[in-house]
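The values are calculated or read from the model by the stated rules, or taken from the named source; none is laboratory data. A quick note: this is a predicted structure, and the numbers were derived from the prediction, not measured. A quick note on method: Cβ atoms are made from the backbone with ideal geometry, for glycine too, and the neighbour counts reach across all protein chains shown. We work out accessible area using only protein heavy atoms, side chains counted, and drop any ligands, DNA or RNA first. Shrake-Rupley method; radii C 1.70, N 1.55, O 1.52, S 1.80 Å.
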Amino acid sequence: MATERTLSIIKPDATSRNLTGKINAKFEEAGLRIVAQKRIQLSKEQAGEFYKVHAERPFYGELCEFMASGPVVVQVLEGESAITKNREVMGATNPADADEGTIRAEFAESVGENSVHGSDAPETAAEEIAFFFSGLEIVG
Ligand code: CMP
């Protein structure tokens, strides 16, 4: 197993319900270390750029509107197999399919408003981290 970094976003449905601390506790309890974190407001254009891989999907417009509808907390999580571990802690994209105890099972409202995003592979993690953070902002 290798130490990895992954990009996490706490989405507007969660920040609006003041869930940042509870979600961060789930990451830390799983052994993930928050090595960078900031609360920001995305524009629709910035959300569209971040999610451009989904540009052809029917939910793309709704996704960009939602991600720009309120503050998000962007973070870098570090740990052993952090990409996979974070995806386990988040649970399935659709909260109806998420395992008990996962963030999405406990907090997500729908497949669109699903509280958290996490990178899905090492290449996307590197790209997504660089989208939000400079090297100087990440302190392991
Ligand atoms: P995320 O992990 O951030 O990656 C892309 C997002 O698109 C996903 O979480 C969901 O929030 C969103 N998404 C996926 N499928 C749908 C859908 N059918 N309707 C609305 N949003 C969706």
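Candidates are the residues of the range 78-103 that are open to solvent by 20 Å² or more (accessible area, probe 1.4 Å) and under 12 Å from Ile23 (Cα atoms); the one that is nearest to the ligand (Cβ to nearest atom) is Val89.
Residues in the range 104-120 that are more than 11 Å from the ligand (Cβ to nearest atom) and either closer than 16 Å to Val72 by Cβ or within 13 Å of the chain's Cα centre (by Cα) (or both): Phe107 alone. Of all residues in the range 58-77, none satisfies being within 16 Å of the ligand (Cβ to nearest atom), buried (at least 17 other Cβ atoms within 10 Å of the Cβ), in contact (Cβ under 8 Å) with a residue 60 or more places away in the chain and outside any strand (DSSP E or B).
Pairs are defined by a Cβ separation below 7 Å, a sequence spacing of at least 6 or placement on different chains, a first member in the range 1-25 that is free of Cβ contacts under 8 Å to residues at least 12 places away in the same chain and part of a helix (DSSP H, G or I), and a second member that is open to solvent by 60 Å² or more (accessible area, probe 1.4 Å) and among the basic types (Lys, Arg); no pair meets this definition. Could we say that Ala36 is away from the ligand (no atom under 12 Å from the Cβ), surrounded by 13 or more Cβ atoms within 10 Å (Cβ to Cβ) and within 15 Å of Glu128 (Cα to Cα) here? Considered against the rule, which asks whether it is away from the ligand (no atom under 12 Å from the Cβ), surrounded by 13 or more Cβ atoms within 10 Å (Cβ to Cβ) and within 15 Å of Glu128 (Cα to Cα), Ala36 comes out as yes. Which residues, counting only those in the range 13-33, are more than 14 Å from the ligand (Cβ to nearest atom), open to solvent by less than 100 Å² (accessible area, probe 1.4 Å) and among the charged types (D, E, K, R)? Of everything in the range 13-33, those that are more than 14 Å from the ligand (Cβ to nearest atom), open to solvent by less than 100 Å² (accessible area, probe 1.4 Å) and among the charged types (D, E, K, R) turn out to be Arg17, Lys26. Residues that are touching a Lys or Arg at 6+ places or on another chain (Cβ under 6 Å) and either of a type in the set (Asp, Glu) or under 17 Å from Gly112 (Cα atoms) (or both) do not occur anywhere in the range 41-50. Going residue by residue through the range 40-54, is there one that turns out to be aromatic (Phe, Trp, Tyr), under 16 Å from Phe133 (Cβ atoms) and not in a loop (DSSP other than H, G, I, E, B)? Checked against the condition, which is being aromatic (Phe, Trp, Tyr), under 16 Å from Phe133 (Cβ atoms) and not in a loop (DSSP other than H, G, I, E, B), the range 40-54 yields at least one hit. The residue that is nearest to Pro12 (Cα to Cα), among those in the range 78-116 that are touching a helix residue (DSSP H, G or I) at 6+ places or on another chain (Cβ under 8 Å) and part of a strand (DSSP E or B), is Val116. Considering every residue within the range 89-99, establish whether at least one is under 28 Å from Gly140 (Cα atoms) and in contact with an Asp or Glu (Cβ under 7 Å, 6 or more places away or on another chain). Yes, some residue in the range 89-99 is under 28 Å from Gly140 (Cα atoms) and in contact with an Asp or Glu (Cβ under 7 Å, 6 or more places away or on another chain).
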